[in-house]
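Remarks on the structure that follows.
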Amino acid sequence: MTEQTVGKCGPIGVFDSGYGGLTIFDKMRKLMPQYDYFYLGDNARAPYGSRSFDVVYEFTRQSVRQLYEMGCPLVILACNTASAKALRTIQQVDIPKWDPSFRVLGVIRPTVEHVGMLTSSRHVGLLGTVGTIQSESYPIEFAKLFPDVVVAGEACPMWVPLVENSEFASDGADYFVKKYTDSLLSKDPEIDTIVLGCTHYPLLLPKIEKYVPYTINVVSQGDIVAASLQDYLHRHTELESHLSKGGICSFFTTESEEKFRRSASVFLKEDVNVKHVKLG
């Protein structure tokens, strides 16, 4: 495999199994428009939420490696399932073999850091995919950083299909939004903050807020991850100096280019040019 050229500048890579990571990418691009970005969606193998740890790790590793070979010095896993099931292994096992200067970051830690400072009751709710909930990555991270915080989780297996089939604003979506939010709140009536632990879920936010008491903070990850990355780059000037700055955004998918364009326009409210890539 071709290694990066030492000292060469490259774009920030953003990876997601599908389209939800576009909600993270969009906030990053708006906060830090000076950088170049490569967005890669493994849409052909999405969703990852119900897949095993081994499969999610292997798929994520292939995608991260692809972005590395395309010249990205830094990759953001804009996917909670990939962050939960693959990030640590990639950081500890793969990066030392590929290139110790290469960096891969996830979305869970910055979210926990923000929410831990936000909650007053110290009772937090988590809405996520089956994979994210079963991984217990959020409770584990809260236990490290804020051991006094109690986390209740609820898997929402119907929410990603609703979003990816453009049904998130339909009347039919209300049933599943109410079902999962009611179930979460019944587990812990002291919850004062709810984390949307999947990057697709911000598109359901108007309906979620409809069924959640106004006294509860509902937290999306886009702004949090973007601000955390900006701070990270301020603190890691050597890495930041190796990021190319042309304000250019490029999109890649493992699925149909036309399908990606249609779906991406729902998330970004704009048309994008996209190229097909093959992984594995």
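Does segment 36-105 classify as rounded, prolate or oblate by the C-alpha gyration tensor (a ≥ b ≥ c root eigenvalues; a/c under 1.5 gives rounded; else a/b over b/c gives prolate, otherwise oblate)?
Details: a/c = 1.97, a/b = 1.30, b/c = 1.51.
It comes out oblate by the Cα gyration axes.
Using a probe of 1.4 angstrom, how much of the accessible area of segment 202-280 is carbon and sulfur, in percent? List each step's numbers first, then the result.
On the way: 2150 of 4440 Å².
So the carbon and sulfur contribution to the accessible surface is 49 percent.
Counting only Cα, what are the radius of gyration and maximum Cα-Cα distance Dmax of the chain, in Å?
When restricted to Cα atoms, the chain yields Rg and Dmax of 18.1, 54 Å.
With runs of 4+ DSSP H residues as the only contributors, calculate the mean residue ellipticity of the chain at 222 nm using -39,500 (n - 2.57) per run, divided by the residue total and rounded to the nearest 500.
On the way: 13 runs with 123 residues, N = 280.
Rounded to the nearest 500, the figure is -12500 deg cm²/dmol.
Beta carbons within 10 angstrom, averaged per residue: use that to sort the peptides 217-224, 42-49, highest first.
On the way: 217-224: 19.8, 42-49: 22.4.
Descending mean neighbour count gives 42-49, 217-224.
How much length would be gained if the chain were fully extended between E209 and K30, taking 0.36 nm per residue of separation minus their Cα-Cα distance, in nm to one decimal? Mind dumping the intermediate values first?
Numbers: separation 179, 0.36 × 179 = 64.44 nm, distance 2.45 nm.
Result: 62.0 nm gained on full extension.
Just to confirm the filter: which trypsin sites (Lys or Arg not before Pro) across segment 8-37 are DSSP coil and have at most 13 other Cβ within 10 angstrom of their Cβ? All intermediate terms of the calculation are to be shown ahead of the outcome.
On the way: sites: K8, K27, R29, K30; in loops: K8.
Sites meeting the loop and neighbour criteria: K8.
Take the alpha-carbon centre of segment 77-138, take the same for segment 209-228, and report the distance between them in whole Å.
Rounded to whole Å, the Cα centres lie 17 Å apart.
Could you calculate the FRET efficiency of A44 with S241 from 1/(1 + (r/R0)^6), where r is the beta carbon distance between them and R0 is 41 Å, rounded to 0.05?
Values: r = 35 Å, r/R0 = 0.85.
Efficiency, rounded to the nearest 0.05: 0.70.
What does the C-alpha gyration tensor say about the overall shape of segment 139-280? Classify as rounded when a/c is under 1.5, otherwise prolate if a/b is larger than b/c, or oblate.
On the way: a/c = 2.34, a/b = 1.24, b/c = 1.89.
Note, shape of segment 139-280 comes out oblate.
Are there chymotrypsin sites (Phe, Trp or Tyr not before Pro) in segment 198-274 that DSSP puts in a loop and that have at most 10 other Cβ atoms within 10 Å, and which ones? Show your work: numbers first, answer last.
Working: sites: Y211, Y214, Y232, F251, F252, F260, F267; in loops: Y214.
For chymotrypsin sites (Phe, Trp or Tyr not before Pro) across segment 198-274 that sit outside H, G, I, E and B with at most 10 neighbouring Cβ atoms in 10 Å, the list reads Y214.
Any number yet on Rg/Rh for segment 105-223, C-alpha, Kirkwood? Display every interim value, and only then the final one.
Values: Rg = 13.4 Å, Rh = 14.2 Å.
Expressed as Rg/Rh, it is 0.94.
Report the charge-dipole magnitude of the chain in Debye, nearest 20, computed about the Cα centre from +1 at each Lys and Arg Cβ and -1 at each Asp and Glu Cβ. Show your work: numbers first, answer last.
Working: 28 positive and 33 negative charges, 73 e Å.
That gives a dipole near 340 debye.
Using r as the Cβ-Cβ distance of S101 and K187, and R0 as 45 Å, what FRET efficiency do you calculate, to the nearest 0.05? Working shown, then result.
Values: r = 43 Å, r/R0 = 0.96.
It comes out at approximately 0.55.
For I194, list long-range residues whose amide hydrogen, built 1.01 Å from N in the peptide plane, is under 5 Å from its own amide hydrogen.
G125, N217, V218, V219
Within segment 183-243, report the trypsin sites (Lys or Arg not before Pro) that DSSP leaves as loop and that have at most 13 other Cβ atoms within 10 Å. Don't jump to the answer; show the numbers that get you there.
Values: sites: K187, K207, K210, R235; in loops: none.
Filter output for segment 183-243: empty list.
How high is the relative contact order of segment 1-127? Use alpha-carbon pairs under 8 Å, at least six apart in sequence, and give a whole percent. Show your work: numbers first, answer last.
Details: 166 pairs, mean separation 35.6, N = 127.
Computed value for segment 1-127: 28 percent relative contact order.
Can you tell me the accessible area per residue over the chain, all protein chains present, probe 1.4 angstrom, in square angstrom? Intermediate values should be presented prior to the final figure.
On the way: 12320 Å² over 280 residues.
Heavy-atom accessible area per residue stands at 44 Å².
Amide H neighbours of C79 under 5 Å, counting only residues 5+ apart in sequence or on other chains, H built in-plane at 1.01 Å?
V107
Mind scanning K85/K269; K179/K275; K85/K187 and naming the pairs with a C-alpha gap bigger than 27 Å? Show your work: numbers first, answer last.
Working: K85/K269 30 Å; K179/K275 38 Å; K85/K187 25 Å.
In this structure, K85/K269; K179/K275 exceed 27 Å between Cα atoms.
The values are calculated or read from the model by the stated rules, or taken from the named source; none is laboratory data. On a predicted model such as this, the values are computed, not experimentally measured, just so you know. Neighbour counts are summed over all protein chains in view; Cβ atoms, including those assigned to glycine, are modelled from backbone coordinates with ideal geometry. Just the protein is used for accessible areas: all its heavy atoms, side chains included, with ligands, DNA and RNA removed. Shrake-Rupley method; radii C 1.70, N 1.55, O 1.52, S 1.80 Å.
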